[in-house]
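Visitor: Just passing along the structure, written as structure tokens.
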Amino acid sequence: MQMNSKDNNYNKMIDKFVTGKILVTRSSMPSYEEYCEEIRDIWDTRWLTNMGPKHKKLQEDLKNYLGVEKIDLLTNGHMALELTMQALGLTGEVITTPFTFASTTHAIVRNGLTPVFCDIDPDNFTIDTTKLEALITDKTSAIVPVHVYGNICNIEEIQRIADKHGLKVIYDAAHTFGETYKGRGIGSFGDVSCFSFHATKVFNTVEGGAVCFKDQAFGDKIYDLKNFGIHGPEIVESVGANAKMNEFCAAMGICNLRHVDEEIAKRKAVTERYHERLDGIEGVKLNRVSDDVKPNYAYLPAVFDEKVFGCGRDEVYSVLAEHNIFARKYFYPLTNTFECFAGKYDPNETPVALAVNKAVLTLPLYADLELEQVDRICDIIISCKK
Ligand SMILES: *Cc1c(COP(=O)(O)O)cnc(C)c1O
């Protein structure tokens, strides 16, 4: 009896959150059989976590897929950022942008560092390198740019500025799984690039993340930080946290990696349909990726110019929601306007980011989104035009 009523509640919950709705994203998964086959030997080995065979295999596979020199896997993308900043021994101020997920700014603040917010480029939403150098002080220790929506930052200029001032560069590469810039794996730029393998990302390990780097001394520090600084059964050399990826997550990654190219190809078809339908519509601007980038079609942000389109972002969002289509105001709000930072930062110092975050809507995009559904979404958007 009890089991039944629980099942009922569960089914109600599924109905409430999933059935009949189009959400902004839908997690990629292998078939149930493929995942079961992958985890079968865990029942023999009883090796559930602590850098087991699945972890080792996924690490090697990802190193090759991403085209990076060195990589370590972590429990999530946030810990990749947070522990990277700790391992690099950053001090004082870190220059970043407010047009990002909470994680980027929180990683800086949780390291006891002061975020200094640089504005973004209005065309690709990444850090505006023409405004970067003016923000450098004698306290600055690093730049943390974000490859927003899979758009690549101005890598050459950031490196030039960093080299000139002796700063570290840590890329938040959470949106750029599998991308290349001028043929080079995106994770190979900067001192460190941090990836997220969260359920909502192009490639997922349920929860997971990675750091890509070149310097083995840094790699050793990350390893210590992710595993309590333990060097042997009786040797603890440093004060570390726990941020290890477990074997079940690694197994999910091994399976998902087999299909990620197909998934990206499907995302491409969805993205192209959106462009076909919306590119000619005045007042709507869809994201365009630079020709130097092999894209992963992770997100499809649309910027609504209310004066031209006659209808603002918030209204388009609400109209879509009335039709059970849930786009996301991503990124909104800006991290420098979060309640937890009340009074600390002035969002007027990043006016482009402030304007974009009020006008951008990230449209539903995932591999299995049917083109008919894309048409329906576009019809509704077009119907909002006044
Ligand atoms: C997802 C994401 C993160 C955090 O990754 P988690 O794996 O969720 O911890 C950091 N930065 C950006 C830009 C992200 O989109």
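The values are calculated or read from the model by the stated rules, or taken from the named source; none is laboratory data. As the structure is a computational prediction, the values presented were derived from the model and not from experiment. Cβ atoms come from the backbone with ideal geometry, glycine included; neighbour counts cover every protein chain shown. For the accessible areas, the whole protein counts, side chains as well, though only heavy atoms, and no ligand, DNA or RNA atoms are used. Shrake-Rupley method; radii C 1.70, N 1.55, O 1.52, S 1.80 Å.
Visitor: Going by the structure shown, is residue 151 open to solvent by 10 Å² or more (accessible area, probe 1.4 Å), among the polar types (S, T, N, Q) and within 16 Å of the ligand (Cβ to nearest atom)?
Guide: Answer is no for this residue.
Visitor: Here is a follow-up. Of the residues 183, 187, 219, only one is modelled with pLDDT of 95 or more, away from the ligand (no atom under 16 Å from the Cβ), open to solvent by less than 10 Å² (accessible area, probe 1.4 Å) and assigned by TED's automatic domain parsing to the domain that holds residue 49; which?
Guide: 219
Visitor: Right, residue 202: over 21 Å from residue 82 (Cα atoms) and assigned to a helix (DSSP H, G or I) or not?
Guide: Against the criterion (over 21 Å from residue 82 (Cα atoms) and assigned to a helix (DSSP H, G or I)), residue 202 does not qualify.
Visitor: Let me ask another. In the set 165, 198, which member is away from the ligand (no atom under 13 Å from the Cβ) and surrounded by fewer than 22 Cβ atoms within 10 Å (Cβ to Cβ)?
Guide: Exactly one residue qualifies, and that residue is 165.
Visitor: Under 9 Å between Cβ atoms, which residue pairs at least 6 apart in sequence (or on different chains) link something in the stretch 342-363 that is closer than 14 Å to residue 117 by Cβ with a partner that is among the small types (Gly, Ala, Ser) and open to solvent by less than 20 Å² (accessible area, probe 1.4 Å)?
Guide: 347/353
Visitor: Right, here's the next one. Go through 345, 317 for me and flag whichever is modelled with pLDDT of 95 or more and part of a loop (DSSP other than H, G, I, E, B).
Guide: 345
Visitor: Among (1) more than 20 Å from the chain's Cα centre (by Cα); (2) surrounded by 11 or more Cβ atoms within 10 Å (Cβ to Cβ); (3) part of a loop (DSSP other than H, G, I, E, B), there is one condition residue 27 misses while meeting the rest; what is its number?
Guide: Just one mismatch for residue 27, condition (1).
Visitor: Would you point out which residue out of 75, 45 is free of Cβ contacts under 8 Å to residues at least 40 places away in the same chain, open to solvent by 20 Å² or more (accessible area, probe 1.4 Å) and touching a helix residue (DSSP H, G or I) at 6+ places or on another chain (Cβ under 8 Å)?
Guide: Being free of Cβ contacts under 8 Å to residues at least 40 places away in the same chain, open to solvent by 20 Å² or more (accessible area, probe 1.4 Å) and touching a helix residue (DSSP H, G or I) at 6+ places or on another chain (Cβ under 8 Å) holds for just one of 75, 45, which is 45.
Visitor: Turning to a different aspect of this structure: Test residue 50 against the criterion of being at pLDDT 95 or above, open to solvent by 20 Å² or more (accessible area, probe 1.4 Å) and within 16 Å of the ligand (Cβ to nearest atom), and give yes or no.
Guide: no
Visitor: Still on this structure, I have one more. Of the conditions (1) open to solvent by 10 Å² or more (accessible area, probe 1.4 Å); (2) within 11 Å of the ligand (Cβ to nearest atom); (3) of a type outside the set (D, E, K, R), residue 176 satisfies every one except a single condition; which number is it?
Guide: Every condition holds for residue 176 apart from (1).
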